[in-house]
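Q: There's a structure below that I have some questions on.
The values are calculated or read from the model by the stated rules, or taken from the named source; none is laboratory data. All values derive from a computational prediction rather than experimental measurement. No Cβ is skipped: glycine too gets one built from the backbone with ideal geometry, and neighbour counts run over all protein chains shown. Note: areas computed on protein heavy atoms with side chains; ligands, DNA, RNA excluded. Shrake-Rupley method; radii C 1.70, N 1.55, O 1.52, S 1.80 Å.
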Amino acid sequence: MVDSDRPRRWPAYAVAVLFLGYAAGKAAFALQARLGFPGGPPVSAAETGSYFMDAATAQWFATASGVVGACVAIATVTALGRRVPRTLMLLVLAGMLLAVGGGAGIMILDAFVGIGVGWQWYHGVLGILVIALFLEMIRSYATATRRVAH
């Protein structure tokens with residue numbers, strides 16, 4: 001039988017790989033000064049204009065957020081990351097879950113209900129898997145850092 005309370009490292013590594021893939025995709029589009037994500041729905045010319053920043057700058061910020069996300073995911077399973085106060089790390093992970101869950105939720109909703117973005121069914125399945133993987137990473141971290149009451 002498998003001990004379900006045993007912390008696992010693989011969800012954090014998988015989340016880190018996903019964040020790095022996100023960062024690489026965003027960097028590729030930043031170099032082209034385009035919005036969107038490789039493999040995702042096309043972004044119309046009307047949606048590429050911004051009052052705040054150009055497409056390349058926005059994509060570079062998204063690239064940086066992907067790299068930071070990967071670092072946080074790895075921090076949940078390393079000794080250095082485990083030195084971060086548990087409450088602070090859980091707050092950071094909750095904030096990341098809101099961001100990741102929001103993006104994945106839009107993918108899921110558009111893929112299966114259709115809100116006009118253009119995500120396909122397989123993007124919806126990926127969104128479900130990403131949310132589940134992220135939740136497992138948080139559960140594993142919480143299990144590994146839980147204080148045992150005597």
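Q: Before we move on, is residue 41 open to solvent by less than 90 Å² (accessible area, probe 1.4 Å), closer than 26 Å to residue 121 by Cα, at pLDDT 75 or above and touching a Ser or Thr at 6+ places or on another chain (Cβ under 7 Å)? Give the steps one after another, and end with the answer.
A: On the way: open to solvent by less than 90 Å² (accessible area, probe 1.4 Å): yes; closer than 26 Å to residue 121 by Cα: yes; at pLDDT 75 or above: yes; touching a Ser or Thr at 6+ places or on another chain (Cβ under 7 Å): no.
No.
Q: If you don't mind, there's one more thing I want to ask. Sort out which residues of the stretch 76-117 are more than 17 Å from residue 139 (Cα to Cα), open to solvent by 40 Å² or more (accessible area, probe 1.4 Å) and charged (D, E, K, R), and write them in order of number.
A: 83
Q: Among the candidates 103, 118, 81, which residue alone is at pLDDT below 95 and part of a loop (DSSP other than H, G, I, E, B)?
A: Numbers: 103 fails: part of a loop (DSSP other than H, G, I, E, B); 81 fails: part of a loop (DSSP other than H, G, I, E, B).
The conditions single out 118.
Q: Which pairs have Cβ atoms under 9 Å, sit 6 or more apart or on different chains, and link a residue in the stretch 68-89 that is touching a residue at least 40 places away in the same chain (Cβ under 8 Å) to one that is exposed (fewer than 14 other Cβ atoms within 10 Å of the Cβ) and of a type in the set (D, E, K, R)?
A: That search, which allows pairs on different chains as well, returns 86/146; 86/147.
Q: If you scan the stretch 90-107, which residues turn out to be over 12 Å from the mean Cα position of the chain (by Cα) and either touching a residue at least 24 places away in the same chain (Cβ under 8 Å) or closer than 14 Å to residue 135 by Cβ (or both)?
A: Residues of the stretch 90-107 over 12 Å from the mean Cα position of the chain (by Cα): 90-92, 106-107.
90 - this is the single residue of the stretch 90-107 that is over 12 Å from the mean Cα position of the chain (by Cα) and either touching a residue at least 24 places away in the same chain (Cβ under 8 Å) or closer than 14 Å to residue 135 by Cβ (or both).
Q: Please work out which one of (1) modelled with pLDDT of 95 or more; (2) exposed (fewer than 14 other Cβ atoms within 10 Å of the Cβ); (3) over 19 Å from residue 37 (Cα atoms) is the condition residue 129 fails and give its number.
A: The number of the failed condition is (3).
Q: For the stretch 61-71, indicate whether the set of residues that are more than 14 Å from the chain's Cα centre (by Cα), crowded, with 20+ Cβ neighbours inside 10 Å and at pLDDT 95 or above is non-empty.
A: Among the residues of the stretch 61-71, not one is more than 14 Å from the chain's Cα centre (by Cα), crowded, with 20+ Cβ neighbours inside 10 Å and at pLDDT 95 or above, which makes the answer no.
Q: Pull out all pairs, ordered by first then second residue, where Cβ-Cβ is under 7 Å, the residues are six or more apart or on different chains, the first lies in the stretch 1-21 and is within 11 Å of residue 67 (Cα to Cα) and at pLDDT 60 or above, and the second is β-branched (Val, Ile, Thr) and buried (at least 16 other Cβ atoms within 10 Å of the Cβ).
A: 16/74; 18/130
Q: What's the number of the condition residue 35 fails, among (1) closer than 18 Å to residue 20 by Cα; (2) at pLDDT below 90; (3) surrounded by fewer than 17 Cβ atoms within 10 Å (Cβ to Cβ)?
A: Of (1) closer than 18 Å to residue 20 by Cα; (2) at pLDDT below 90; (3) surrounded by fewer than 17 Cβ atoms within 10 Å (Cβ to Cβ), only one is false for residue 35: (3).
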